[in-house]
Amino acid sequence: MDDKELQLKQSRQSRGAKKGVLTRYSNQARDLINVQGSRRRLQKLLCMLGDALNDVHVTNEEYTCLLNTDREREDAEMYMADVDDIHRSAADVICQYLQSRLNEPPSEAGSMPSSASTAASKAADVNVKVKQLKVTQLERRLNQEKEEQELHRRRKLQEARDEAEAAALEASLMVTTLDTERCHDFDDEPDVQPTPRRPVMPSGGFQEYQLPRPLSPRPVPRMNRHPFQLTSPQPAPPGVFHNLQTLPSRPAPRQNPSPFQRSLPKIKLPIFSGDAVEWPRWLSLFQALIHEQPNLTDVEKMTHLQSAVSGPPQKLIAGMMYSGRLYNDAMQALKERYGKEDDIVHACLCNIFDHSPLKLHDVTPLESFMAQ
């Protein structure tokens, strides 16, 4: 048994003992009324009942602070309601008895002239103390609930941040691994080599192809340091065509994408309509596909941005039209309007709290709740 369980046991035993004292005083008062005992003794018992009730409330408050579940706290409240009923019943009986004997002369010397009023005053004081104790318990419970709500809010905010980071990582991995995840799709296809063609003679037979005889090179004058002094011509190396050396170089042809690159599915950018829950996912995907692409101009990025929003977000940046100079301003306006962490957390909490109650052994609503 750990320390907390030991404290709970001791506090529960102490509360039971205090309740036993209150019950004993109540029984003594009833017995004294049945034999028409001393009014002073009844007044003293009434005060003792108030003190016993206050002790039970204090002990129950200490016991409630050690509880963890709402069910146990409700049981503690029901326990105190039973104790209040015992005290109220005994106090009412004593006050009625004293009121009925108000006009009788005092039985002992030096007794109080108005015993009923004194008893009522004592009962009122006890009632005030009980009310104050209940107010203190309520304030403590509200503070605990406030701390739990703040802790729940921080946990939801951290989950939203983790979700945004995961979406950004997923988008970056999707862009960087598209060229590698299907690179082996065409490994099994045979390589096709072009077959060299041989010239066909008119008679239908074949003969060995003879290259044309190279032209004799022409002498080319070589320049000295002085531009107007010529030297003797130097012959070109044999077998090299002079006219091929003077041809300009052509630019390399543009390479077409490979077959597996053309077969990859295109990533479709979703349309953002102003839902704060979808903002982190949409922003991460837009930055990966459009914003961080170096081969796109600001005008093209602005065009994609105008096409990727609808509803209130589209109205927010509609006045900026398709100007590339206003692209960064448009992105900043969307971030300031829809990128606030408090709004995102509030939207997530609303989706959770507005969800229909879950039923036992019903998997479909549970999966829907977990998806939020």
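Where a number appears in this text, it was derived from the coordinates with a stated rule and is not lab data. Owing to the predicted nature of the structure, the values given are computational and were not obtained by experimental measurement. Every residue, glycine as well, gets a Cβ built from its backbone with ideal geometry; the counts of neighbours run over all protein chains shown.
Residue by residue, region 41-51 carries 3J(HN,Hα) couplings of 5, 5, 4, 5, 5, 5, 5, 5, 4, x, 5 Hz when phi is fed to the Karplus relation 6.51 cos²θ - 1.76 cosθ + 1.60 (θ = phi - 60°); x denotes Gly or Pro.
When the listed pairs K156/K266; K266/K335; K44/K131; K4/K44; K146/K315; K9/K129 are checked against a 31 Å cut-off, the alpha-carbon distance exceeds it for K156/K266; K4/K44; K146/K315.
The charge dipole of region 269-371, taken about its Cα centre with unit charges on the Cβ atoms of Lys, Arg (+1), Asp and Glu (-1) only, comes to about 240 debye. Among C47, C95, a tally of other beta-carbon atoms within 10 Å of each Cβ gives an order, fewest to most, of C47, C95. Residues R325, R281, arranged from fewest to most other Cβ atoms within 10 angstrom of their Cβ, appear as R325, R281. Between K9 and T23, the modelled labels are 2.2 nm apart [label points 7 Å from Cα along Cα→Cβ].
Is region 31-103 rounded, prolate or oblate when judged by the Cα gyration tensor, a ≥ b ≥ c being the square roots of its eigenvalues, rounded requiring a/c under 1.5 and prolate requiring a/b larger than b/c? Prolate is the answer for region 31-103, as a/c is 1.5 or above and a/b outweighs b/c.
Principal semi-axes of the equivalent ellipsoid, √(5λ) from the alpha carbon gyration tensor of region 269-371, are 34, 14, 10 Å from largest down. Summarising the amide proton neighbourhood of F272: residues at separation of 5 or more, or on other chains, whose placed amide H is nearer than 5 Å comprise V309, S310.
Short-range pairs are left out: with C-alpha atoms under 8 Å and at least six residues apart, the relative contact order of region 269-371 is 29 percent. Farthest toward the positive end of the dipole of region 269-371, out of Y322, F272, L334, is the Cα of Y322, where the dipole comes from beta carbon charges about the Cα centre. Dipole magnitude for region 16-92: computed about the Cα centre from +1 point charges on Lys and Arg Cβ and -1 point charges on Asp and Glu Cβ, it is near 740 debye. Between M320 and E341, full extension at 0.36 nm per residue minus the direct alpha carbon distance yields a gain of 5.0 nm. Rounded to the nearest Hz, the phi-derived 3J(HN,Hα) couplings of region 15-30 under the Karplus curve 6.51 cos²θ - 1.76 cosθ + 1.60 (θ = phi - 60°) are 5, x, 5, 4, 5, x, 4, 4, 5, 5, 5, 5, 5, 4, 5, 5, where x marks glycine and proline.
Backbone geometry of region 143-157 corresponds, through the Karplus equation with coefficients 6.51, -1.76 and 1.60 at θ = phi - 60°, to 3J(HN,Hα) couplings of 5, 5, 5, 5, 5, 5, 5, 5, 5, 5, 5, 5, 5, 5, 5 Hz, x marking Gly and Pro.
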